[in-house]
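One structure is given here, and the rest of the page talks about it.
Each reported figure results from applying straightforward, stated rules to the coordinates on display, with no laboratory input. Because the structure is predicted, anything quoted here is derived from the model rather than measured. Heads up, the Cβs are rebuilt from the backbone with ideal geometry, glycines too, and the neighbour counts pull from every protein chain shown.
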Ligand SMILES: [Zn+2]
Ligand SMILES: [Zn+2]
């Protein structure tokens, strides 16, 4: 999505409002995480001491499998894209280019790449269907959230087995 900042850059308004949607793109090597369309964003550009600061809230959801029980799970994520905008009229030394800044060659701001990068950066490392997901039994593989097994009860540490002999069943 491209925003035309020409009026904002030319006059005294102190904020420029941004709002829109973006389609998800292909994720490289992120397991089976899928970003659900659309990615929504809303924010502003602020004029602060002659500089331009971009602050955009991004809202999206992902579909993936719970890391413990493998159940398909949808998670909502919120993240913030916060960057300084540098108006580059062609006289900036390219060596100074920095990923922390957005360089504008003219008054058209295309936010898509920046928003998508922020989405990729903010993807969670670990996703659980719920904080207290019990996961799968490491022995028989059943889902311990919905079923139970006695695998773990039958697997007693041999050292504990010795202790058990000291306390015979009554
Ligand atoms: Zn789970
Ligand atoms: Zn089991």
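A few points about this structure:
- Projecting label points 7 angstrom from Cα along Cα→Cβ for residue 122 and residue 49 puts them 2.7 nm apart.
- In plain terms, the chain from residue 40 to residue 57 could stretch by 5.3 nm, reckoned as 0.36 nm per residue minus the Cα-Cα distance.
- Dimensions of region 2-130 from C-alpha coordinates, computed as largest minus smallest value along each principal axis and given longest first, are 55, 31, 22 Å.
- Given their separation in residues at 0.36 nm each and the Cα-Cα distance between them, residue 84 and residue 108 gain 7.1 nm when the chain is fully extended.
- Whole-percent P(r), region 97-139, all Cα pairs, 5 Å bins from 0: 5, 14, 15, 16, 10, 8, 8, 8, 7, 5, 3, 1, 0.
- Label positions at residue 74 and residue 131, each projected 7 Å from the Cα along the C-beta direction, are separated by 2.2 nm.
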